[in-house]
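Single-structure report; data block below.
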Amino acid sequence: MPTIDSKQAQELASLEEAKALIRGRRGAGGTPGGVGTFLLGVGLSVLGGYLVLNQVQVSSSFTFFGLWGGGRTAGFGLTMLPLLIGIGVLFFDAKTKVGWFLSVGGLLTILAAVLMSLSIHWAQTSLFNTLLMFGMLAAGFGLVARSLRAYPEVAESEDS
């Protein structure tokens, strides 16, 4: 009877390990099965989300939080002052913390002012389109959540 040396034993062990990986394929979320459901859910979610976001209109009216009375727009130079001073200080000495603080703080102030001036409105659409958009979004999220559960094992038929 032939004996198995250690090299052949290692090869057999790696072969059995590969077979086990093929048999126990893991799907979405590390659970068996559900890859197709996951991809369909992601596709529906992306398409529904695109349609919803495509229906939103964004406009801007920069009034800097309405601090300068009525409908009069605010001056933008005042919000740029810390950024410009910080950039000047950084060109003089790039290692100074004051220059970095003024630059980053000025940039964040400008970003906050721009974001606060945005107005978001839902464009007019039909009820059917609204239900379709949000229905696709909800169905996609549901399919993604379902695909993360373990699918029941399919019993192999014993016809032989």
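The values are calculated or read from the model by the stated rules, or taken from the named source; none is laboratory data. As the structure is a computational prediction, the values presented were derived from the model and not from experiment. Glycine also receives a Cβ, built like all others from the backbone with ideal geometry; neighbour counts cover every protein chain displayed. All accessible areas refer to the heavy atoms of the entire protein, side chains included, with ligands and DNA or RNA removed. Shrake-Rupley method; radii C 1.70, N 1.55, O 1.52, S 1.80 Å.
Can you pull out the residues in region 116-137 that are part of a helix (DSSP H, G or I) and hydroxyl-bearing (Ser, Thr, Tyr)?
Once the filter is applied, which keeps residues that are part of a helix (DSSP H, G or I) and hydroxyl-bearing (Ser, Thr, Tyr), region 116-137 yields only 130.
Sub-9 Å Cβ pairs linking a first residue in region 40-53 that is among the basic types (Lys, Arg) to a second residue that is part of a helix (DSSP H, G or I) and open to solvent by 100 Å² or more (accessible area, probe 1.4 Å), at least 6 apart or interchain, number zero. When only residues in region 15-48 that are outside any helix (DSSP H, G or I) and surrounded by 10 or more Cβ atoms within 10 Å (Cβ to Cβ) count, which is modelled with the highest pLDDT? My answer is 34.
Are any of the residues in region 126-142 open to solvent by 40 Å² or more (accessible area, probe 1.4 Å), modelled with pLDDT of 85 or more and over 25 Å from residue 50 (Cβ atoms)? Within region 126-142, not a single residue is open to solvent by 40 Å² or more (accessible area, probe 1.4 Å), modelled with pLDDT of 85 or more and over 25 Å from residue 50 (Cβ atoms). Inspect region 103-115 for any residue being over 23 Å from residue 60 (Cα atoms), assigned to a helix (DSSP H, G or I), touching a Pro at 6+ places or on another chain (Cβ under 9 Å) and open to solvent by less than 50 Å² (accessible area, probe 1.4 Å) and give the result as yes or no. Yes.
With the condition kept exactly as written, say whether any residue in region 49-58 is part of a helix (DSSP H, G or I), surrounded by 10 or more Cβ atoms within 10 Å (Cβ to Cβ) and at pLDDT below 75. No - not one qualifying residue is present in region 49-58.
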